Every structure is written in structure tokens, then in C-alpha cells.
Amino acid sequence: MNYLQSKTAIVTGASSGIGAASAKALAAHGAKIVAAARNQQRLDALIAEIRSTGGEATGRVVDVTNLAEAQALGEFAKETYGSVDILVNNAGLMLFSYWSDLAIDDWNRMIDTNIKGYLNAIAGVLPIMLEQKSGQILNMDSVAGHQVDPAAGIYCATKFFVQAMTESMRKDLGVNYGIRANTISPGVINTGWAEKVTDPEGRKAAQELNKIAIESDDVARAVIYALNQPENVTINDIIISPTRQNW
């Protein structure tokens, strides 16, 4: 049974990678998509693609690190489609460095996006979901939220934060209000991240690791499985990794 038909789904970080794949998959299941990202051109291309296949979608340029913009996103979705049923909290930033590098700017950027950005997006939809007495919030996590790498301490910490906050949401929002909260924890994904590594040796290692990576569409199928459940069922967490990933 399709429980996603006619639901309104906000997807952050929707202009590429997992966000774009999830938006398209949700639209294919009949959801009405509000795609949010910072890149207008990529958003326009995504919306055009969804509409060309008969889906219903609109886009909005949003920086989730800005609370006012994130709150306006929730109101925009409600005004456009009449409800906010799903939030796919996906906008994220993964930067690598060792502690000895003291990459403080990178630390702050990840905290602002991966923690504050998620909280801002939740603040934008939660009042609406509480009023509706229903909703689903899927926080995109990572295998880095289950184990720690020495060159990704802050990134891992942000993803452990996502695990902790989602567990709290399940015990509060789920039990007391029927608002479901999930996490998806992907392993290595081919989203172009390897090319963004600035250190030459690090980029070489990342490119080698990327050879075993799964695709964004693989993660999007897990997103659909987690969200396409009856109201009395919550999929707590799905870890999805490449078959040949050994960590």
C-alpha cells in the first residue's frame, strides 16, 4: 500500500545527491514536493524533471543555517499544499581534517549546517505537525553517527548528535503526539564528495574509496521504505552501506 500519496514532503539539500534522488522518489510515489536548497539553477532543473514525469513539485531557495528562512519554508509548504506531512532533513556538510589541523572554520561550518540546520528545519515544521497531530521527520544520518574516524571527528560528532536527537524525538514526539522520527545512515555514497577534498593525498584516498560507493538512488529507496509505513509503524534507523565497505 502507498501511504505517501498526496502527502506534502519538504526535502532540504534537494538540489543534488541524496536530496534530489529522494525528492524524485517521493514524487514518483505521489507526494507533493517542496524542494529546498541554496542553488536556484539546480532546484529549477529538479522541479522541471519531476514535473516532466507527472509529479507535483515546487522549489524554494533556503539556507537552513538561517532560522527565519527555515521557519518560512514550513509556512511556504503549508500555504502551497495545505499541510506539512514529511520533512526529509538532508542538507549536510562533510569536511575532513585531523585535530592537529585546527580547522576551526570547517568545524563551525559543519556544526552550523549538520546540527543547527537540522534543528532549524525541525523548528520550521514542528508547530504545523503538532497542530495537525501527525507528521514524519526523517533525519539523514550516516555510518559516521555509529562509529568514529580520526580524520572526521567533528563530522562524526554532528552525526552522533543526529542519532541522539532523533532518539529523543521518537520518545517524545512519537509517544506523545504520534509524530514519527527516523534516521537513515548511509555508508560511502557517490555524491561527488571525493572531489571536494582539498588535500591532494586525501582526495586520492577518497577517490579510491569512492570506487565501492553506492548511489544516491540506493539511499532514496531506503528513504521511501522508512516513510512509506502505516501510522502505527516507525522505522527507527536503516544503515545502508556498500557491500564491500569494511567499516
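Some notes on this structure:
- Kirkwood-Stokes translational diffusion coefficient of the range 83-160, alpha-carbon pairs, 25 °C, 0.890 mPa s, µm²/s: 181
- Label-point separation in nm, residue 40 to residue 167, each point 7 Å along Cα→Cβ: 4.3
- Proximity of backbone amide H atoms, modeled 1.01 Å from N, is registered between residue 6 and 31, 32 at under 5 Å, excluding neighbours fewer than 5 places apart on the same chain.
- Unit charges at the beta carbon, dipole of the range 83-183: most positive-side option, 122, 155, 100: 122
- Residue 123/residue 212 FRET efficiency (R0 30 Å; Cβ-Cβ; nearest 0.05): 0.20
- Per-residue 3J(HN,Hα) values for the range 119-130, derived from phi via the Karplus relation 6.51 cos²θ - 1.76 cosθ + 1.60 with θ = phi - 60°, read 5, 4, 5, 5, 4, x, 10, 4, x, 5, 5, 5 Hz in sequence order (x marks Gly and Pro).
- Sorted by Cβ density within 10 Å, fewest first, the residues 141, 105, 217: 105, 217, 141
- Net charge over other residues, Cβ less than 9 angstrom from the Cβ of residue 124 (K, R count +1; D, E count -1): -2
- Neighbourhood net charge (13 Å Cβ-Cβ; Lys/Arg +1, Asp/Glu -1) for residue 154: -3
- Inter-label distance for residue 52 and residue 80, nm, one decimal - labels placed 7 Å from Cα along Cα-to-Cβ: 1.9
- Ellipticity at 222 nm from helices only: DSSP H runs of n ≥ 4 in the chain, each -39500 (n - 2.57), divided by the residue count, give -13000 deg cm²/dmol.
- Approximate shape of the range 8-240 as ellipsoid semi-axes (Cα gyration tensor, √5λ), whole Å, largest first: 28, 20, 17
- Within the shell defined by Cβ-Cβ distances under 9 Å, the residues around residue 163 carry a net charge of -2, with Lys and Arg each +1 and Asp and Glu each -1.
- Convex hull volume per residue in cubic angstrom - Cα atoms of the range 7-98: 92
- The charge dipole of the range 8-240, taken about its Cα centre with unit charges on the Cβ of Lys, Arg, Asp and Glu (plus for the first two, minus for the last two), comes to roughly 340 debye.
- When the chain is described by a simple charge dipole with +1 on each Lys and Arg Cβ and -1 on each Asp and Glu Cβ, the residue from 145, 16, 209 located farthest towards its positive end is 16.
- Separation of alpha-carbon centers, the range 226-247 and the range 64-124, rounded to whole Å: 21
- Among the listed pairs 78/133; 32/78; 7/116; 7/78; 7/133; 116/159, those beyond 23 Å (Cα-Cα): 7/116
Coordinate-derived values only; no laboratory data. Only a predicted model underlies this, so the values are computations on that prediction, with no experimental measurement involved. Every residue, glycine among them, receives a Cβ derived from its backbone with ideal geometry; neighbour counts consider all protein chains shown.
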